[in-house]
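The values are calculated or read from the model by the stated rules, or taken from the named source; none is laboratory data. Model, not experiment: these values are computed from the prediction. We place every Cβ from the backbone using ideal geometry, glycine too, and count neighbours over all the protein chains shown.
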Amino acid sequence: MFQGFPPQAVDFLWGLRFNNDRGWFEPRKQQFRELVDQPMRELALQTQQAMLEKYPRQQLEMRVCRIYRDARRLHGRGPYKDHLWFVIHRPVDGGMGALPCFYFELAPERHSMGMGYWSATPLTMAKFRARVDRDPNPMEKLARRIARQDRFVLEGERYARPKKDVGKLLDPWYNRKNLSLNWDRNCEGSLFTPELAGELLDGFTFLMPYYLYFDSLDSERPPEEP
């Protein structure tokens, strides 16, 4: 059962950010497991189980990231991640791939939750735009719902040239290469308590209509060529 992250978990991640090398990490590996990795896995499992109980038809699975960076992609960075996360998404052959997912992330300066579609393919976003063109009403309702709250913020890379002018309400969604709904907070308060698990479940419940909308694009037929 998740009891909250120890305050020392944040101190550990700050230390790792400024001492990102094997010599610093190896003597502190057990600290990492106790302070960061174990609570993260407890939170991930508890959240996944709660989501499965609430949405049994979704068959959601979870994945906790490893602290080790891919040695082929260090690009001058240290061998360890200084921010850790877990994701929850539907099962898919061959790994996560280009799927929307729920996430929680812990970094030295913040913790975040949300729903992301960071690896959406150009084809997927073309399907999204075609769907909005056919019937904008469902997306308009979702866009208004986000506008009425002040926690989750829409982010994502925008096209240098907008695809189309669809009006003020839908433009922030329509003209992006990828998107996510993120809630960032400082490392304080409920991060160190069992209440964080309930907050994640509440947040993911709010985001479920967005997850379902974008996840359903995967099975939609490609749009016809103009």
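Is it the case that residue 128 is out of contact with any strand residue (DSSP E or B) (no Cβ under 7 Å at 6 or more places or on another chain), of a type in the set (Phe, Trp, Tyr) and crowded, with 17+ Cβ neighbours inside 10 Å? The answer is yes for residue 128.
Reported count of residues in segment 209-226, each being part of a helix (DSSP H, G or I) and either crowded, with 17+ Cβ neighbours inside 10 Å or not aromatic (Phe, Trp, Tyr) (or both), is 10. Within segment 134-145, the set of residues being surrounded by 13 or more Cβ atoms within 10 Å (Cβ to Cβ) and free of Cβ contacts under 8 Å to residues at least 60 places away in the same chain comprises 136, 140, 143. Helices (runs of 4 or more DSSP H) fully within segment 15-79 that include at least 3 residues being under 17 Å from the mean Cα position of the chain (by Cα), buried (at least 16 other Cβ atoms within 10 Å of the Cβ) and of a type outside the set (S, T, N, Q): 38-54. Here segment 85-124 is the region considered, the condition is being among the aliphatic types (A, V, I, L, M) and at pLDDT 95 or above, and the residue that is surrounded by the fewest Cβ atoms within 10 Å (Cβ to Cβ) is 107. Within segment 185-203, identify whether any single residue is charged (D, E, K, R) and either under 24 Å from residue 126 (Cβ atoms) or in contact with a His (Cβ under 8 Å, 6 or more places away or on another chain) (or both), and answer yes or no. Yes - at least one qualifying residue is present in segment 185-203.
Restricted to segment 146-168, and to residues there that are aliphatic (A, V, I, L, M) and surrounded by 10 or more Cβ atoms within 10 Å (Cβ to Cβ), the residue that is modelled with the lowest pLDDT is 166. Taking segment 19-49 as the range and being at pLDDT below 95 and under 23 Å from residue 112 (Cβ atoms) as the test, only 20 passes.
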